Amino acid sequence: MKAKILYLAAMLGVAVTTQSFTDQKPNVLTTQEQKEGWSLLFDGKSTNGWHLYNKGKTTSAWNVKNGELYCKADDYQAQHGDLISDKQFENYDLKFDWKIVKAGNSGLFINVQEKKELPTAWASGPEYQLLEKSHNDHTANPAKRAGCLFNLFPQKNPVLPKAPGEWNQSRIKQVNGKIEFYLNGVLTASEDLKSEKWKKAIAASNFKTFPEFGKHTKGHLALQDWANGISFRNIKIKQL
């Protein structure tokens, strides 16, 4: 009887947690989050606070609909490119929700340096990989799975993204160059961007041809314009 009661209590806790996530209005800070110093990077209505990498404010393929930020990859009348934050960040806790179509592929870059001589955001910024598990990269390369430091390290702890069309919760924490990635509450990466291990990993990767890649501990955030079918919401940050 006691075991049954404990089981029911545990299930109730899961139900309450799930319901609280579902019921919370997206792109709005709770009173507690406001007290803790969180701020929204996406207001759910516009792309205010963001611009195209190396292109400034222009007609963009990035759109907002139903409180979701997404890129129309098949919109050839608009300018394409990674969407980069106007502000730069150094020590912070970042949270965001994302959902993706079957076999979808995208990413979020950190510490991006916006310079004309750097053709893309990934020429300087390490990537938090966003990938649906039926994509070939999921099985072909463990360092390209969702939540990974893209093409550098496999997941620190195994975790799968949710089914296509379902919202995932991701988190990136950076303090003095030490970063942690989380996918749906599971720690997937933990690295020191100032360490010899980090430098050796870059030297052994395809990023070695980009002299500024992974060298910075402060910079812009960027959402990757790579393929159709990625949406974002609840992008919020707390500076530490």
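The values are calculated or read from the model by the stated rules, or taken from the named source; none is laboratory data. Just so we're clear, the structure is a prediction, and the values are computed from it rather than from any experiment. Virtual Cβ from ideal backbone geometry, glycine too; neighbours counted across all protein chains shown.
Taking the stated definitions as given, is Lys35 assigned to a loop (DSSP other than H, G, I, E, B) and more than 24 Å from Lys115 (Cα to Cα)? Spelling it out, it is not the case that Lys35 is assigned to a loop (DSSP other than H, G, I, E, B) and more than 24 Å from Lys115 (Cα to Cα). Residues in segment 103-120 that are more than 23 Å from Leu131 (Cβ to Cβ) and surrounded by 15 or more Cβ atoms within 10 Å (Cβ to Cβ) were compared, and the one that is farthest from the chain's Cα centre (by Cα) is Leu118.
For every residue, the table says whether it meets (1) under 19 Å from the mean Cα position of the chain (by Cα); (2) free of Cβ contacts under 8 Å to residues at least 12 places away in the same chain.
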residue: Glu180; (1), (2): yes, yes
residue: Thr188; (1), (2): yes, no
residue: Lys197; (1), (2): no, yes
residue: Gly214; (1), (2): yes, no
residue: Gly219; (1), (2): yes, no
residue: Ser231; (1), (2): yes, no
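When Glu114 is tested against (1) acidic (Asp, Glu); (2) within 30 Å of Lys194 (Cβ to Cβ); (3) out of contact with any Gly (no Cβ under 9 Å at 6 or more places or on another chain); (4) in contact (Cβ under 8 Å) with a residue 60 or more places away in the chain, exactly one condition is not met: (3). Looking across segment 141-170, the residues that are under 15 Å from the mean Cα position of the chain (by Cα), farther than 25 Å from Lys200 by Cα and not hydrophobic (A, V, I, L, M, F, W, C) come down to Pro161, Lys162, Asn168, Gln169, Ser170. When segment 57-102 is filtered for residues that are surrounded by fewer than 18 Cβ atoms within 10 Å (Cβ to Cβ) and within 20 Å of Glu132 (Cβ to Cβ), the ones remaining, listed by number, are Lys72, Ala73, Asp74, Val101, Lys102. Filter segment 18-59 down to residues that are in contact with a strand residue (DSSP E or B) (Cβ under 8 Å, 6 or more places away or on another chain) and of a type in the set (Ser, Thr, Tyr) and give me whichever is modelled with the lowest pLDDT. The residue in question is Thr59.
Is it true that Trp167 is aromatic (Phe, Trp, Tyr), closer than 30 Å to Leu29 by Cα and modelled with pLDDT of 95 or more? In short, yes. Take the conditions aromatic (Phe, Trp, Tyr) and modelled with pLDDT under 95 and apply them to Tyr76. Does it pass? Spelling it out, Tyr76 is indeed aromatic (Phe, Trp, Tyr) and modelled with pLDDT under 95. Checked against the criterion of being buried (at least 17 other Cβ atoms within 10 Å of the Cβ), of a type in the set (Lys, Arg), on the phi < 0 side of the Ramachandran plot and in contact with a strand residue (DSSP E or B) (Cβ under 8 Å, 6 or more places away or on another chain), the candidates Lys156, Lys197 yield just one match: Lys156.
Every test in (1) loosely packed, with under 13 Cβ neighbours inside 10 Å; (2) hydrophobic (A, V, I, L, M, F, W, C); (3) over 18 Å from Ile100 (Cβ atoms) is passed by Ala123 save one, and that test is (1). The set of residues from segment 126-140 being buried (at least 21 other Cβ atoms within 10 Å of the Cβ) and either in a loop (DSSP other than H, G, I, E, B) or not acidic (Asp, Glu) (or both) comprises Pro126, Tyr128, Gln129, Leu130, Leu131, Glu132. Would you say Tyr53 is in contact with a helix residue (DSSP H, G or I) (Cβ under 6 Å, 6 or more places away or on another chain), farther than 25 Å from Leu160 by Cα and of a type in the set (Phe, Trp, Tyr)? Yes; evaluated as a whole, the condition is true for this residue.
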